[in-house]
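*Asks:* Questions regarding the structure given below will be posed in turn.
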Amino acid sequence: GGTDNHLVLLDVRPFELTGRQAESAVRECGVTLNRNTIPFDPNGPWYTSGLRLGTPAVTTLGMGPEEMREIASIMTLVLKNTTPEEGPKGRSKAKYYVDDGAKAEAQARVHGLLERYPVYPELDLELISDLLAPAGQPAVV
């Protein structure tokens, strides 16, 4: 019958990451979201301890529960394979490393979803690429 709220708030502390690291790592793999504070957040509003996901963007594309599970699985893969960088002052709250294999797998899975559910199916990406390519350079799609 619907929902009262179309947002999901995820606490990333079990992954030993800040929201800032988690946001950047997941975005690097192709999933767009925002870091967000959680109740009584120990990391404050800049680094945060959470991620905020909105479902309207994916439901507008026609995705349903199965695709939501796939997105959650991709995010879990990325977060489990992301580690904070260690520096002279200890563990960074901003810098991180994503395992190359996990990153490649996540990007491929996101690509697979976007092939089935294109963001702007009415756009001719080849035409746009041709228009934006510098003179004498091949277009990249």
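*Asks:* Can you find, among 74, 8, 60, the residue sitting farthest towards the positive end of the charge dipole of the chain, where Lys and Arg contribute +1 and Asp and Glu -1 at Cβ?
*Replies:* Among 74, 8, 60, the one farthest towards the positive end of the dipole of the chain is 8.
*Asks:* Computed from the coordinates I sent, mean projected area of the Cα convex hull in nm² equals one of (i) 11.8; (ii) 8.0; (iii) 7.5. Tell me the label.
*Replies:* (i)
*Asks:* Loop only by DSSP, 14 or fewer other Cβ within 10 Å of the Cβ. Give me the trypsin sites (Lys or Arg not before Pro) in segment 45-113 that pass, ordered by residue number.
*Replies:* Qualifying residues, ordered by number: 89.
*Asks:* Could you compute the FRET efficiency for residue 95 and residue 57, with r as their C-beta to C-beta distance and R0 at 25 Å, rounded to 0.05? Spell out each step's value before the answer.
*Replies:* Working: r = 28 Å, r/R0 = 1.12.
Efficiency, from the Cβ-Cβ distance: 0.35.
*Asks:* Determine the dipole magnitude for the chain: charges of +1 sit on the beta-carbon of Lys and Arg, -1 on that of Asp and Glu, nothing else is charged, the reference point is the Cα centre, and the result goes in debye to the nearest 20.
*Replies:* On the way: 14 positive and 19 negative charges, 143 e Å.
With only Lys, Arg, Asp and Glu charged at Cβ, the dipole is about 680 debye.
*Asks:* Right, next: Suppose all protein chains stay in the model; what accessible area per residue would a 1.4 Å probe give for the chain, in Å²? Before the final figure, lay out each step's value.
*Replies:* Values: 9200 Å² over 141 residues.
Computed with neighbouring chains in place, this is 65 Å² per residue.
*Asks:* Report the GluC sites (Glu not before Pro) located in segment 1-108 that are in a DSSP loop and have at most 13 other Cβ atoms inside 10 Å of their Cβ, or state none.
*Replies:* Passing both the DSSP loop test and the Cβ count: 16.
*Asks:* Helix check for the chain. Which DSSP H runs span at least 20 Å along their own axis by Cα, with a mean Kyte-Doolittle hydropathy no less than 0.0? If you can, show how the numbers build up before the last one.
*Replies:* On the way: long enough: 65-80 (22 Å, 0.28); 100-116 (24 Å, -0.70).
Those that pass (Cα extent of 20 Å or more, hydropathy at least 0.0) are 65-80.
*Asks:* Search the structure for amide H atoms under 5 Å from the amide H of residue 41, placed 1.01 Å from N in the peptide plane, and list their residues when 5 or more places away or on another chain.
*Replies:* For residue 41, no residues qualify.
*Asks:* Taking all protein chains in place and a 1.4 Å probe, what share, in percent, of the accessible surface of the chain do carbon and sulfur account for?
*Replies:* On the way: 5150 of 9200 Å².
Roughly 56 percent, rounded to a whole number.
The values are calculated or read from the model by the stated rules, or taken from the named source; none is laboratory data. All figures in this text were calculated on a predicted structure; none of them were measured in a lab. FYI the Cβ positions are ideal-geometry reconstructions off the backbone, even for glycines, and counts take in every protein chain you see. Ligands, DNA and RNA are excluded from the accessible area calculation, which covers all protein heavy atoms including side chains. Shrake-Rupley method; radii C 1.70, N 1.55, O 1.52, S 1.80 Å.
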